[in-house]
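Enquirer: Below is a structure I'd like to ask you about.
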Amino acid sequence: MKSRLGPDLILTHSLLLGERLYLFARLRFAAAAAILLGGPFASYVLGVDGLDLGALAAAAGLLSACNVGIFIAVKRLSHREESARKHRLLVAVAHLSVTLDYIVLTYAIWLVGGALSPFLAFYLLHAILAAVLLSRAEAYGYAAIGYLFLSLLVLGQWSGAIPRPHVSGAVPPAGRFDGRLVATILFVYGLLTLVTTVLTTGMVKLLRQSERGLRSARERLEHLADIRRSFLHVVLHDVRSPVGTAVAMLAGLQSGIDGPLREPQARRIERARQRLQGALELLRNLRVLADLATERLEAMMAPVDVRAIVRDAVDDQLDAAEQRRIALRLDLPSTLPAVRGIERLIREAIANYLTNAIKYTPPGGQVVVRVATAKASLASPDAPTRSSSPGSPGPAGSPDGASGADMADVVRVEVIDGGPGITREAQAKLFQEFARGPGAEAAGRTRGIGLGLSIVRRIAEEHGGRAGVVSEPGQGSTFFIEFKVLHA
Amino acid sequence: MKDGKHLILCVDDDTDLLDLLRMQLEKGGYLVETAFSGEEGLTKFKQLKPDLIIADLMMEEIDAGTNLVKELKLAGNQVPVLLLSSMGDQLSLSTSYRELGLDAVFQKPVNAEALLRTIKAKLMR
């Protein structure tokens, strides 16, 4: 599968080149500082004599000055998208910086002793850097260039074309520059350069391949997830739409649109409507599950107004509550801190609680929806949090919602029903997928898989919060969901 | 208005639902015109100048309803627009109906009395 960023690029290479160059530009400043400070250190601490500190400082200055331009250029291009777009420019910068490094390195090594200096090993370091930064072919090329610089230095000094610096302490005392020594240096460093370059480029190649594989796999998965989501949406709509219309037509018949119904007709139509309504709820839950499966939920979140969402969710249920002669009461604070989330999912969670509360509360009863701010509790997940809202001081006894809201971690929505209550054993399984409460059959619910509460739990988790229930048999239930407060 | 009655334009590709809406709205004392697609809805809006528009969210294509609402806005629509939606229809989780300028969203299956109450309230403004 071709990358969206370009067909011919080695993806990880082009994506990361800008970042790597930026890193090395910063390291180059450190290297220049090391050259600047290393001279005095070698002279006064290590006791090396004859170092040309001025020339070393000039080398450090040249390196820094050139690096400023490199640093400014790559800083702008270090972002991956920019890096891919300006790949050629970045490669040119990489070539320039490696060449600069070799020139300054050779000069600095010459200053500290030249061909016999232990600092010759730094050529290997630069071969490694080139292997990491550039493509494999370029890495071999630059390793060869580095070896060429080294060879020129060694052979130049041996032949006398390049004067030997009069440094003592960092190099063996002046003596015969034996041809066998030259041959050995060239052989050892040549071999080391080759082996280092082969090993490093090999490892880097493997890393890039695995990075590329991971990236392709991830793009493929995202693509499949998009297809699956679109397919699911279309399929669900194509089933839900006619079912919804059928429910509406039955409701129309019940409202007498085609004249009064006989008792058996009314009963059958009501049963049919309930069965279809149950199927609609199942489809709705499947749709929400599909939404929750998206990986980009976090990116879709935005500040939401929980008060408005709760009000809308309650308004949606007014008719259903009225039909069962259930009083629906809303207890909202005047202000609430902002919450970051997805409005539709939050409304879905609250709607789920409300639907259950209305179904399980006997006719003539009451369902209360209360919203408050709270501090998240570190106690067990089922323990009520310390609330701070008007009319419901929590265990901490905070007197009013306004001051509590300043310290609040969560916005807590509670739906309190007058149902039969739930035992501890049943509560433990309630929010699991495909679980149903023990009162489901008694409440006359049609058979069906239990997804609703597990969906509420997942919605809460996606919003950094939690969902749960506080209940005792015979005393109704308080279903709650908490959303993390968006702190500025 | 026409003959003293408010005219409501209903846009939905579901003929059964349109039929039901027509019966419910005419029973409520309104004149009803229907359209079966977003495109037809836009054309009829320009021709008939309805007092209120009811549109389904998903019609011949995904998000047809929201596209229609946007087109209506561009065409200078000032009348209330109510959207019919199956909960979770919209593909974009981050869509806010308030931002689209909708006056109300009704979840299917629509409760006729609630719809008529809302229509009456919107037309009184």
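The values are calculated or read from the model by the stated rules, or taken from the named source; none is laboratory data. Just so it is clear, the model here is predicted, and its values are computed rather than measured. Cβ placement follows ideal geometry from the backbone for every residue including glycine, while neighbour counts extend to all protein chains displayed.
Enquirer: Considering only residues that are among the charged types (D, E, K, R) and in contact (Cβ under 8 Å) with a residue 12 or more places away in the chain, look in region A:453-488 and name the one that is nearest to A:A338 (Cα to Cα).
Expert: The selected residue is A:K484.
Enquirer: Another question, then. So is B:I8 more than 10 Å from every other protein chain (Cβ to nearest Cβ), surrounded by 17 or more Cβ atoms within 10 Å (Cβ to Cβ) and more than 20 Å from A:A251 (Cα to Cα) or not?
Expert: yes
Here is a yes/no grid of residues against (1) crowded, with 18+ Cβ neighbours inside 10 Å; (2) over 30 Å from A:E270 (Cβ atoms); (3) more than 10 Å from every other protein chain (Cβ to nearest Cβ):
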position	(1), (2), (3)
A:V306	yes, yes, yes
A:I326	yes, no, yes
A:I350	yes, no, yes
A:K359	no, no, yes
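Enquirer: Can you pull out every residue in region A:322-339 that is hydrophobic (A, V, I, L, M, F, W, C) and in contact with a Leu (Cβ under 8 Å, 6 or more places away or on another chain)?
Expert: Listed by number, the residues that qualify are A:L328, A:A338, A:V339.
Enquirer: Okay, moving on. Among the residues in region A:233-247, are any more than 19 Å from B:Q107 (Cα to Cα) and not hydroxyl-bearing (S, T, Y)?
Expert: Checked region A:233-247: no residue is more than 19 Å from B:Q107 (Cα to Cα) and not hydroxyl-bearing (S, T, Y).
Enquirer: Sticking with this one: Out of the residues in region A:262-289 that are among the basic types (K, R) and in contact (Cβ under 8 Å) with a residue 12 or more places away in the chain, which is surrounded by the fewest Cβ atoms within 10 Å (Cβ to Cβ)?
Expert: Step by step, filter region A:262-289, then rank; the result is A:R275.
Enquirer: Determine whether A:L191 is without any contact (Cβ under 8 Å) to a residue 12 or more places away in the chain and closer than 30 Å to A:H95 by Cα.
Expert: yes
Enquirer: Here is a follow-up. For region B:37-62: of the residues being outside any strand (DSSP E or B) and within 14 Å of chain A (Cβ to nearest Cβ), which is modelled with the highest pLDDT?
Expert: The residue in question is B:L57.
Enquirer: Residues being part of a loop (DSSP other than H, G, I, E, B) and either modelled with pLDDT under 65 or within 27 Å of the chain's Cα centre (by Cα) (or both): count how many of those fall in region A:433-471.
Expert: The number of residues fulfilling the criteria is 22.
Enquirer: Which of the numbered conditions does A:S159 fail, given that it passes all the others? Conditions: (1) crowded, with 21+ Cβ neighbours inside 10 Å; (2) free of Cβ contacts under 8 Å to residues at least 12 places away in the same chain; (3) of a type in the set (S, T, Y).
Expert: Among (1) crowded, with 21+ Cβ neighbours inside 10 Å; (2) free of Cβ contacts under 8 Å to residues at least 12 places away in the same chain; (3) of a type in the set (S, T, Y), A:S159 violates only (1).
Enquirer: Any idea which residue in region A:229-246 is nearest to the other protein chains (Cβ to nearest Cβ), counting only those that are within 13 Å of B:S85 (Cβ to Cβ) and among the small types (G, A, S)?
Expert: A:G244
Enquirer: In region A:307-377, which strands (runs of 3 or more DSSP E) lie fully inside it and hold 2 or more residues that are more than 24 Å from A:G464 (Cα to Cα) and in contact (Cβ under 8 Å) with a residue 24 or more places away in the chain?
Expert: Answer list for region A:307-377: A:327-331, A:366-375.
Enquirer: Go through (1) under 43 Å from the mean Cα position of the chain (by Cα); (2) closer than 26 Å to B:G28 by Cα; (3) more than 13 Å from chain B (Cβ to nearest Cβ) one by one and return the number of the condition A:P260 breaks.
Expert: Every condition holds for A:P260 apart from (1).
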